[in-house]
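Since the structure comes first, as structure tokens, the remarks are kept for the end.
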Amino acid sequence: MQLNLDSKTAVVTGASRGIGLATVQTLISEGVRVVGAARTITPELKDSGAVPVAADLATAEGVTALIDTALAELGGIDLLVNNVGGVDEPLRFLEADDEQWTAVFDLNLFSTVRATRAALPSLIERRGSVVNVSSINSRLPAAGPVVFSAAKAALAALGKSLAEEFGPQGVRVNTVSPGVVRTAIWEDPHGFGGKVAASAGAEHAAFLPQIPQAFSITTGRITEPQEVAALIAFLLSDIAGNITGADYVIDGGTIKAI
């Protein structure tokens, strides 16, 4: 299947590793000119062929610097992938104070609000496409940290609203909601996955192979970043030209409900 993206330009946030890096690599392989943004520029992003931009996307200043740089480098933005997000601590409701709520929402919701708002004039002019990366936690809020789940649910709702408001102007907006993906979030023993393992009283190395069974993943394995990136690239392309306001789950069958 030819995605016909070779004349397009794109901005990808959270591009240093995981889903973001895989998305950058997938789009570049399709001939897209890409600006990839992250707080820290990894060697992999630097060598990907994208224009790397170091920016703290949890701040308004970081987002402004990113979009200004992208417009200058690319001449305009056809495609926007709002992928940056995550959570450091598996906090329960009474463990999270206002500062932690604000930090999680700044990264997981307001980064998308700000980047989309700044890019919209160009997206409207070019009849562009946006994909926001949410999580199955938006549909299974009890399965993860309450702050993160609430932010991702808001992100999914935002995507639907943007699709409705700007669809008549030619801009498509869709959401991708992954389950567990093989990224540093889960594989780093000092990161979120390590803390989840510790809270369950398990060693991290032993915990990882048990995730498919523990999370009732039908396929028996977690999702690879490249699989999420392929779905994102499809939704960005004109092949998906009449898909908008949709939320695509990619979770190996974790969610059982209709």
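No value in this document is a laboratory result; all are computed from the given coordinates. Everything numeric in this text was worked out from a predicted model, so none of it was measured. Using ideal geometry, Cβ is built from the backbone for each residue, glycine included, and neighbour counts are taken over all protein chains shown.
Structure notes:
- Candidates per chymotrypsin sites (Phe, Trp or Tyr not before Pro) in segment 192-237, loop by DSSP, up to 11 other Cβ within 10 Å: none
- When the Cα atoms of segment 34-126 are aligned to their principal axes, the ranges along those axes come out at 47, 32, 18 Å in descending order.
- The chain - Kirkwood radius from inverse mean 1/r over Cα pairs (Å): 18.3
- Sorted on the mean count of surrounding Cβ atoms within 10 Å across their residues, most packed first, peptides 160-169, 100-109 read 100-109, 160-169.
- Summing Lys and Arg as +1 and Asp and Glu as -1 over all other residues whose Cβ lies under 15 Å from the Cβ of Thr9 gives a net charge of -3.
- Among Ala65, Ala229, Ala142, the residue with the largest mean-square fluctuation in a Gaussian network model of the chain, with springs joining Cα atoms closer than 10 Å, is Ala142.
- Helix content alone sets the calculated 222 nm mean residue ellipticity of the chain: runs of n ≥ 4 DSSP H residues at -39500 (n - 2.57) each, divided across all residues, give -13000 deg cm²/dmol.
- Calculated translational diffusion coefficient of segment 129-249 (4 °C, 1.567 mPa s; Stokes-Einstein with Kirkwood radius over alpha-carbon pairs) equals 83 µm²/s.
- The residues packed around Gly31, meaning those with a beta-carbon under 10 Å from its beta-carbon, carry a net charge of 0 if Lys and Arg are +1 and Asp and Glu are -1.
- Counting only whole DSSP H helices of the chain, the ones at least 27 Å long by C-alpha along their axis and with mean Kyte-Doolittle hydropathy no lower than -0.5 are 146-166.
- Value of Rg to Rh for segment 68-207, rounded to two decimals, is 1.04; Kirkwood radius and Rg both from alpha-carbon coordinates.
- Model label points for Ala157 and Met1, set 7 angstrom from Cα along the Cα-to-Cβ axis, are 3.1 nm apart.
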